[in-house]
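Read the structure below first, then the notes.
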Amino acid sequence: MQNLYKKIPKDKFKMLAVLNKDKPALADFVANQKGLTFTILDDEQNVVGAKYFLTGLPETFIVDKQGIIREKVIGAAQWDSSGAMQTIMSYISE
């Protein structure tokens, strides 16, 4: 995700990670170790997770400019691949 975050124009794309039912200190440690620079939100109480009907982690949602979920990916993904980049850029250009 970090590689994708570095490649996508920040004025047209926002990336958030949501820490779901986990300890913020652990997430901060991992983020620092991996050099993550995108925003990580704390959802220890599962408020966001419940609204998005999370079924497992990791899960990724691509939400368009109107707030509509366009993609849901369960499990790990290669977000800086050419296919993923094309998909995201197509949503940005809509």
Exercise for review: Examine the stretch 28-41 for a residue that is within 16 Å of the chain's Cα centre (by Cα), assigned to a strand (DSSP E or B), of a type outside the set (Lys, Arg) and exposed (fewer than 14 other Cβ atoms within 10 Å of the Cβ), and state whether such a residue exists.
Suggested key: yes
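Can Asp11 be described as of a type in the set (Asp, Glu), on the phi < 0 side of the Ramachandran plot and part of a loop (DSSP other than H, G, I, E, B)?
Values: of a type in the set (Asp, Glu): yes; on the phi < 0 side of the Ramachandran plot: yes; part of a loop (DSSP other than H, G, I, E, B): yes.
Yes: the conditions hold for Asp11.
Restricting attention to the stretch 42-56, which residues are farther than 19 Å from Ala77 by Cβ, part of a loop (DSSP other than H, G, I, E, B) and touching a strand residue (DSSP E or B) at 6+ places or on another chain (Cβ under 8 Å)? First the steps, then the outcome.
Start the filter on the stretch 42-56 by keeping residues that are farther than 19 Å from Ala77 by Cβ, which leaves 42-48, 50-51.
Then drop every residue that is not part of a loop (DSSP other than H, G, I, E, B), which leaves 44-46.
Answer for the stretch 42-56, where residues must be farther than 19 Å from Ala77 by Cβ, part of a loop (DSSP other than H, G, I, E, B) and touching a strand residue (DSSP E or B) at 6+ places or on another chain (Cβ under 8 Å): Glu44, Asn46.
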Exercise for review: Considering every residue within the stretch 57-72, establish whether at least one is touching a strand residue (DSSP E or B) at 6+ places or on another chain (Cβ under 9 Å), among the β-branched types (Val, Ile, Thr), surrounded by fewer than 11 Cβ atoms within 10 Å (Cβ to Cβ) and within 23 Å of Ala84 (Cα to Cα).
Suggested key: yes
Point to revise | Sole residue being modelled with pLDDT under 90, of a type outside the set (S, T, N, Q), outside any strand (DSSP E or B) and surrounded by 15 or more Cβ atoms within 10 Å (Cβ to Cβ), chosen from Asp22, Asp80 | key: Asp80
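The values are calculated or read from the model by the stated rules, or taken from the named source; none is laboratory data. This one's a predicted model, so the numbers in the text were calculated from it and none came from an experiment. Cβ sites come from the backbone with ideal geometry, for glycine too, and all protein chains shown count toward neighbours.
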